[in-house]
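Written below as C-alpha cells is the structure these notes are about.
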Amino acid sequence: MKPINEATTIFLSRSANEGYARMVAACFMAQLDPTLDELGDVKTAVSEAVTNAIVHAYPNCLGMVTMRLRLFEDSSMEIMVKDKGVGIEDVERARTPLFTTGGGERSGMGFTIMESFMDTLKVRSSPGKGTSVTMRKKISRRVGGTR
Amino acid sequence: MPVTCTSEDRKLLAVIYGEVDHHAAKSIIEELDRQIDLAMPRHLTLDLAGVTFMDSSGIAVLLRALRRVRELSGSVKVVHIPEQAIRVLRAAGVDRLMKFES
C-alpha cells in the first residue's frame, strides 16, 4: 500500500530532541483525527524508539537519528526510527522485558511498551551499521469526523 | 523545577511536573534522591497531577524511588496519575508493584 502522506525529520541524538520527536509525530498524526488515547500511545511509542536511539546508538559521540512518518489510506500510521550507530548484537534479547544495557537508570521496558501500544513492530539491526525500528498502528475512523 | 517536595514527620510528599521522559529523568531522580536522603521518609507520596507525559523513563524514576524508600523500610504511594501515565504503567506491568490511587 502506498502512503498518502509522508514526512521525515532528522535530528541530533540529544535527549532534548525526545520531546521534539514526540511533537512532530503528534502533529503529523493529527490528520487522522485520533482519540486522546491513540495520540498518547503513539507519542509514547515514538518516545521509546527515539530514546533508544539517543541512549544507545552513539555511545561516545553524537549522531543523527531519522524519523520517517507515513499515513496510509486505511487510516494507519507508520513510524520508522533509524540510526547509523553501533547496532544491536541480539535483537531478540534486547526485546525481552526488563533487559537493558543501559544501567540502573533504564527500566528495560521500551520495546515492551512499543509492542503494547502499536499494532506491529519490526526491529532490524546490524552491529556497527545501525538500527531501524518500524512500527504501525491503525487509527480508528470516527463517525462524524472530517478527513 | 520538575519536582517540589514537602516533608513532615518523616512523611515526604513529592509533586512531579511536566514531561517525565529520559531527558527529564536524570534531574528528577537526583532531586528525589536528595530529598529522600534529607527526609529519610517512612512514607513517600508521589503526586503526578502535573505530569503531562510519561514513558518508560518515568517507570525507572518510580521504581528507583520505591527501592530507595523500601531500603528505609518505608512505603510509597503514587497519586493523581494521569490517564496516559496509567496506560504506560499498565503496559509495563508495574501497576502490580506499588500502591496507586487515582
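Each reported figure results from applying straightforward, stated rules to the coordinates on display, with no laboratory input. The structure presented is a predicted model; accordingly, all values stated were derived computationally and were not measured. Don't worry about glycine lacking a Cβ; one is built from the backbone with ideal geometry, like all the others, and counts go over all protein chains shown.
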Percent relative contact order of region A:33-105, based on C-alpha pairs within less than 8 angstrom and at least six residues apart? 26
Where both partners of a DSSP beta bridge lie in chain B, what percent of those bridges are antiparallel, to the nearest 5? 25
Relative to chain B, whose Cα atoms define the longest principal axis, helix B:56-71 and its Cα axis are tilted in degrees, nearest 10, by 20
Using DSSP, restrict attention to beta bridges with both residues in the protein assembly as shown and report what percent are antiparallel, rounded to the nearest 5. 70
Given backbone amide H placed at 1.01 Å from N, residues whose amide H is under 5 Å from that of B:V20, ignoring those fewer than 5 places away on the same chain, are B:T52, B:F53, B:M54, B:D55
For the pairs A:K43/A:K137; A:K2/A:K84; A:K84/A:K122; A:K43/A:K122; B:K11/B:K99; A:K2/A:K122, note any where the Cα-Cα span goes beyond 20 Å. A:K2/A:K84
I'd like the orientation of helix A:17-29 relative to chain A: the angle between its Cα long axis and the longest Cα principal axis, in ° from 0 to 90, rounded to 10. 20
In whole Hz, what ³J(HN,Hα) sequence does region B:5-21 give by Karplus (6.51, -1.76, 1.60; θ = phi - 60°), x for Gly and Pro? 10, 9, 9, 7, 6, 6, 10, 10, 10, 10, 9, 9, 10, x, 8, 9, 10
Under 13 Å from the Cβ of B:V94, count the other residues' Cβ atoms, weight Lys and Arg +1, Asp and Glu -1, and hand me the total. +4
Over chain A, what is the relative contact order in whole percent, taking alpha-carbon pairs under 8 Å and six or more residues apart? 28
Region B:17-86: relative contact order in percent, alpha carbon pairs under 8 Å with at least 6 residues between: 44
For A:114-123, what's the mean count of beta carbons from other chains sitting within 10 Å of each residue's beta carbon? 1
Amide H neighbours of A:S76 under 5 Å, counting only residues 5+ apart in sequence or on other chains, H built in-plane at 1.01 Å? A:I139
Given chain B, longest segment not containing exposed loop trypsin sites (Lys or Arg not before Pro) (DSSP; at most 16 other Cβ within 10 Å): B:43-102
